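A short write-up of the structure that comes next.
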Amino acid sequence: MERREQRGETSPAARAGIDERLAERWAAVDGYLAERLAPGEAALTAALEASAAAGLPAADVSPVQGALLELLARLCGARAILEIGTLAGYSTIWLARALPPDGCLVTLEADPRHAAVARDNLARAGLSAVVDVVEGPALETLPRLSGPFDLVFIDADKESTADYLALALERSRPGTLIVADNVVRGGALADAGSEDPRVVGMRRLVEAVAAEPRLVATGLQTVGVKGWDGMVLALVV
C-alpha cells in the first residue's frame, strides 16, 4: 500500500481533497480493527520501526491490509507466493505467516537498500529460510522465475503494474489469486484525462484485467489509515 507523501508531509486525505475529520475517523476505525483483529507480532512492529529508522518511504500496507493478505493466502491454500515490491518486508511477513512448513515466498525488490532492510526484518522474524529476496528491476528478474505461484501480490511501481500482471499470468495456474495494490489512488482512477503516470498505469492494469479471458476479477475501494485507495483482485480460471 502506497502513501504518496513522505513521513511527516501532507496527508493523503488533504491531497485528495477529503475532509480531515473524516480521514481521522477512517484511521480510528482502522486502529480499532487492527487492535482487535490484526494485532500482529513483535517482528511486524520491529519491521516498521526498522523501515522508519532507515528512512524508507511509509508505503507499507496497514496492519488490517496485512491481515487481509494473510487471510487471502490461507483461503487459497498458498504454498508458493510471489510478491512484486518488497520495501522493508512488512507485507512479506504477513504473507509468509500463511505458508505451510514446506511453503516458499519469492519477493522482488529493485532497490538494494530496501532489500537489505527487508532481509534483516525477515531474519528477525525467523523467515530467512522461507523467503527469497531477489534484487533488481522486476521486469528483468521476474522472467527468470518459473512458478507456478498460488498467490501473486503486486505492489511495486504503478506505471509497470500491467506488465507485471502479464508476466505473473505466465507463472500462474488455474486457481492462482493475483492482488494488485494502490489502484484507486484517491479516486483518480476514474479520471480518464489524468496525466499522472501512476494513474495511467492503474487504468492500463484495469483494462488489461478486463480484457483477459483467463481472469475473473473485481476492484475494491478501501479507506483507512492509509487514506482512500483500493485493490484489484483477479482469479485465474
> Being modelled with pLDDT of 95 or more, part of a loop (DSSP other than H, G, I, E, B) and crowded, with 16+ Cβ neighbours inside 10 Å, is that true of even one residue in the stretch 46-55?
Replying inline: no
>> Looking only at the stretch 16-53, count every residue that is farther than 17 Å from Ala118 by Cβ and of a type in the set (S, T, N, Q) and tell me the total.
In response: 0
>> What's the number of the only condition in (1) in a helix (DSSP H, G or I); (2) under 19 Å from Val61 (Cα atoms) that Arg203 fails to meet?
In response: (2)
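For the stretch 105-112, indicate whether the set of residues that are under 22 Å from Val29 (Cβ atoms), crowded, with 24+ Cβ neighbours inside 10 Å and aliphatic (A, V, I, L, M) is non-empty.
Filtering the stretch 105-112 for residues under 22 Å from Val29 (Cβ atoms) gives none.
Among the residues of the stretch 105-112, not one is under 22 Å from Val29 (Cβ atoms), crowded, with 24+ Cβ neighbours inside 10 Å and aliphatic (A, V, I, L, M), which makes the answer no.
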> Applying the selection to the stretch 163-200, what residues are within 16 Å of the chain's Cα centre (by Cα), assigned to a helix (DSSP H, G or I) and crowded, with 21+ Cβ neighbours inside 10 Å?
Replying inline: Tyr164, Leu165, Ala168, Arg185
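So is Thr92 surrounded by 24 or more Cβ atoms within 10 Å (Cβ to Cβ), outside any loop (DSSP other than H, G, I, E, B), in contact with a strand residue (DSSP E or B) (Cβ under 8 Å, 6 or more places away or on another chain) and without any contact (Cβ under 8 Å) to a residue 60 or more places away in the chain or not? Walk me through it before giving the result.
Details: surrounded by 24 or more Cβ atoms within 10 Å (Cβ to Cβ): yes; outside any loop (DSSP other than H, G, I, E, B): yes; in contact with a strand residue (DSSP E or B) (Cβ under 8 Å, 6 or more places away or on another chain): yes; without any contact (Cβ under 8 Å) to a residue 60 or more places away in the chain: yes.
Taking the combined requirement at face value, the residue satisfies it.
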>> Looking at Val209, Val216, Val237 in this structure, which one is of a type in the set (A, V, I, L, M, F, W, C) and surrounded by 16 or more Cβ atoms within 10 Å (Cβ to Cβ)?
In response: Val209
>> I'd like to know if the stretch 127-139 contains one or more residues that are in contact with a helix residue (DSSP H, G or I) (Cβ under 7 Å, 6 or more places away or on another chain), crowded, with 24+ Cβ neighbours inside 10 Å and closer than 21 Å to Leu71 by Cα.
In response: yes
> Take the residues of the stretch 140-156 that are charged (D, E, K, R) and surrounded by fewer than 20 Cβ atoms within 10 Å (Cβ to Cβ): which is nearest to Pro112 (Cα to Cα)?
Replying inline: Glu140
> Counting only residues that are among the aliphatic types (A, V, I, L, M) and in contact with a helix residue (DSSP H, G or I) (Cβ under 6 Å, 6 or more places away or on another chain), which one in the stretch 179-195 is nearest to Ala110 (Cα to Cα)?
Replying inline: Ala180
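This table checks each residue for (1) part of a loop (DSSP other than H, G, I, E, B); (2) modelled with pLDDT of 95 or more; (3) farther than 27 Å from Arg204 by Cβ.
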| residue | (1), (2), (3) |
| --- | --- |
| Leu69 | no, yes, no |
| Leu72 | no, yes, no |
| Ala98 | yes, yes, yes |
| Val106 | no, yes, no |
| Leu122 | no, yes, yes |
| Leu139 | no, yes, no |
| Thr161 | no, yes, no |
> What number of residues within the stretch 74-89 are in a strand (DSSP E or B) and closer than 19 Å to Arg113 by Cα?
Replying inline: 2
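The values are calculated or read from the model by the stated rules, or taken from the named source; none is laboratory data. Small disclaimer: the values here were computed from a predicted structure and weren't measured. Ideal geometry is used to build each Cβ from the backbone, glycine not excepted, and the neighbour counts take in all protein chains shown.
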